[in-house]
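Trainee: Before I ask anything, let me first share the structure, which is written out below as structure tokens.
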Amino acid sequence: MIIWLASYPKSGNTYVRSFLSAYYFTKNGEFDFKLLKFIEQFPDKQFFNSFIDTKQEASEKWLSLQREIVKSKKIKFLKTHSAYGSYNNNPFTSSEVTIGSIYIIRDPRNIISSLMNHFSLEKEDALEMLFDENRGIKSKDNNFATYAFLSSWSNHFKSWTNIKSFKTMLIKYEDLQTNNQKVFADLIKFINNLLNNNQGIDYQKFKKAIETTNFNFLKKKESEEGFLEAMFSKETDKKIPFFNLGFKNSWKDFLDKKTIEKIEFKFEKEMKKMKYL
């Protein structure tokens, strides 16, 4: 069965994924980029056996591919930026193959500058991306095997947090800054509960996983080793640092009043629910 690690892009998914891979896939909790292979992204080319020409073709295969993944009867963590739901009546996933999910949410005002950096977007284009209910992302080679349907920031959030057919844990990105030990301890308890695992937390491994996945550690590691998932700049054709500002990214320092007002008006209900307003 699948445990989803889901989020809108640039919301902390890789941080949580790094911690989980260090805790669950090592003996001592020490993180290495190679461990991320244990929590693969879905959808992705590796799961398809041919080039996918359209969004429709991709969406028709999502559930059948997941059925193949769970045939091993092992628990499989998968990262996704896809919204939960259907694309043209083709479900992204279902309780048939899913045992639970972890959803990470981040203040949309802080997502803007991260989208700009990661995707080489102008501010207005990043804002449009947040608002666009028909938005999706994929690789640049026109292979829709990587296509993830996002919808808007608010629709994405609602899609994963209103699920009734399996359990979902909600994590606020901001809590990872202020109290990551509690968040990660609660996360392990949530996962162990899904797995009917009553072993508790290995605190030695837990401490090491936290130490080796903090933002500064990951940023330094990327500068020394590179990071496969970093995007290439449109202007320079060089890789853009994936671990850019992290918790130092503050919308108060980067956004103008007009942009702030647009975001707060558009997402007022969801932002108030998450106490961003």
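Trainee: How large is the helix-only mean residue ellipticity at 222 nm for the chain, computed as the sum of -39500 (n - 2.57) over DSSP H runs with n ≥ 4, divided by its residue count, in deg cm²/dmol to the nearest 500? List each step's numbers first, then the result.
Mentor: On the way: 12 runs with 118 residues, N = 277.
It lands at -12500 deg cm²/dmol.
Trainee: Related question: Accessible area per residue of the chain at 1.4 Å probe, in Å²? Each step should come with its number before you reach the end.
Mentor: Numbers: 14030 Å² over 277 residues.
Here the per-residue accessible area is 51 Å².
Trainee: While we're here: How large is Rg/Rh for the chain, to two decimals, with Cα atoms and a Kirkwood Rh?
Mentor: Numbers: Rg = 18.2 Å, Rh = 19.4 Å.
Ratio of gyration radius to Kirkwood radius for the chain: 0.94.
Trainee: Taking each pair of distinct Cα atoms in region 40-99 once, what is the resulting Kirkwood hydrodynamic radius in Å? Don't skip to the answer; put the middle values down first.
Mentor: Details: mean 1/r = 0.0828 Å⁻¹.
Evaluated on region 40-99, it is 12.1 Å.
Trainee: Can you pull a Stokes-Einstein diffusion coefficient for region 1-114 at 37 °C (0.692 mPa s), Rh from Kirkwood over Cα pairs, as a whole number of µm²/s? Please list the in-between numbers first.
Mentor: Working: Rh = 15.2 Å.
Here the translational diffusion coefficient equals 216 µm²/s.
Trainee: Which value in nm describes the separation of the simple spin-label points at SER72 and GLU211, placed 7 Å from the Cα toward the beta carbon?
Mentor: 3.0
Trainee: How many percent of the accessible area of region 175-216 is carbon or sulfur, using a 1.4 Å probe? Mind dumping the intermediate values first?
Mentor: Working: 1000 of 2530 Å².
Percent of accessible area from carbon and sulfur atoms in region 175-216: 39.
The values are calculated or read from the model by the stated rules, or taken from the named source; none is laboratory data. This is a predicted model, so every value here is computed, not measured. In this analysis, Cβ positions are derived from the backbone assuming ideal geometry, glycine residues included, and neighbour counts consider all displayed protein chains. SASA here: full protein model, heavy atoms, side chains in, ligands and nucleic acids out. Shrake-Rupley method; radii C 1.70, N 1.55, O 1.52, S 1.80 Å.
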